[in-house]
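Report on the following structure.
The values are calculated or read from the model by the stated rules, or taken from the named source; none is laboratory data. All of these numbers come straight from a predicted model, not from anything done at the bench. Please note: Cβ atoms are built from the backbone with ideal geometry, for glycine as well, and neighbour counts cover all protein chains shown.
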Amino acid sequence: MEKGYSFTISESYTPRTIPLDRLAAYIAGVARLLGESASVHLDTIKEGSIAIHVEVDEPARPKVRERVRTLHAGSAAKDALKAYKDLDDMLLKDNATGALVGDEDGVVVPFPGKRRSQPVAFGPFRQAGHIDGQVYRIEGKDETKHVGVRDGERDYGSLVTSEAVALRLRHQLWDRTLRFHGVGSWLRHGNGSWELKSFRINDFEVLDEAPLEDVVRNLRAVPGADLPNVPNAVQRLLADRYEGDA
């Protein structure tokens, strides 16, 4: 049974060139990967391609060995899988590859790093559309003005518009939620997510932020509307909206 493991970093840094904070990040990542952190200790950092060698206290060795076995089998716990992904992402960013090597078993868990197959991205696609949010920034010295828009935690920092529209927008800074109409450039990533690369605002409108209950009350008051006879009208409207978005 292994007394310890080495995590190797190849085709990138050497012990003399790796920044100290980056080395510390790798060491912390290895600790999360193996678990049982109170029983896992840094032993040496070997020359050549970086090899971070750690030793495991004897009482914790069966647990660490089982954790490594499940990593190799792809059936590890969520925290172990996340630690694996975090380390592999670091290797990818550093243009490196890696491996977790047991003292007795040789290569145990490979880390493809830069050799990992990357999902294909499609685009960019240009099309008319709209985005919603609040204006928090307008700047620019030339005729093209850059606009910062925030929608909750989403920040759109790549929006531009004309000077004429910017002059109208300045009265809306940190005020109402707006709907911006224009033409955007979108990139579709291999995982199915969309990324907005740029968006030119041609026009905007102020959205009605009235509560849904008020909207329903007003609809009920419209002559000829059948809403008074619809049970759970708010839930029905929300369900219709969800189906429309889908």
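Pairs linking a residue in region 171-191 that is more than 14 Å from residue 132 (Cα to Cα) to a residue that is polar (S, T, N, Q) and modelled with pLDDT of 90 or more, with Cβ atoms under 6 Å and 6 or more positions apart or on different chains, are 185/198. Every condition in (1) outside any strand (DSSP E or B); (2) of a type outside the set (Ser, Thr, Tyr); (3) in the same structural domain as residue 184 (by TED's automatic domain parsing) holds for residue 86 except the one numbered (3).
Scanning region 44-70 for residues that are over 24 Å from residue 17 (Cα atoms) and either of a type in the set (Val, Ile, Thr) or within 23 Å of the chain's Cα centre (by Cα) (or both) turns up 56, 64, 68, 70. Would you be able to say whether some residue in region 71-85 is touching a residue at least 60 places away in the same chain (Cβ under 8 Å) and aliphatic (A, V, I, L, M)? The answer is no, given that none of the residues of region 71-85 is touching a residue at least 60 places away in the same chain (Cβ under 8 Å) and aliphatic (A, V, I, L, M). When 40, 30 are screened for being farther than 23 Å from residue 114 by Cβ and in contact with a helix residue (DSSP H, G or I) (Cβ under 9 Å, 6 or more places away or on another chain), only 40 passes.
The rows are residues; the columns are (1) within 33 Å of the chain's Cα centre (by Cα); (2) at pLDDT below 85; (3) exposed (fewer than 12 other Cβ atoms within 10 Å of the Cβ).
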site: 185; (1), (2), (3): yes, no, no
site: 189; (1), (2), (3): yes, yes, no
site: 198; (1), (2), (3): yes, no, no
site: 206; (1), (2), (3): yes, no, yes
site: 209; (1), (2), (3): yes, yes, yes
site: 216; (1), (2), (3): no, yes, no
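Scanning region 2-59 for residues that are touching a residue at least 40 places away in the same chain (Cβ under 8 Å) and at positive phi gives 11, 35. Consider region 68-104. How many of its residues are charged (D, E, K, R), buried (at least 18 other Cβ atoms within 10 Å of the Cβ) and within 17 Å of residue 32 (Cβ to Cβ)? Of the residues in that region, 1 qualify.
Considering region 135-154 alone, what residues qualify as being over 16 Å from residue 202 (Cα atoms) and either more than 21 Å from the chain's Cα centre (by Cα) or modelled with pLDDT of 90 or more (or both)?
Step one: of region 135-154, the residues over 16 Å from residue 202 (Cα atoms) are 136-137, 139-142, 150-154.
Passing the criteria: 136, 137, 139, 140, 141, 142, 150, 151.
Report yes if residue 166 is more than 18 Å from the chain's Cα centre (by Cα) and surrounded by 12 or more Cβ atoms within 10 Å (Cβ to Cβ), otherwise no.
In short, yes.
Here region 105-118 is the region considered, the condition is being loosely packed, with under 12 Cβ neighbours inside 10 Å and in a loop (DSSP other than H, G, I, E, B), and the residue that is modelled with the lowest pLDDT is 118.
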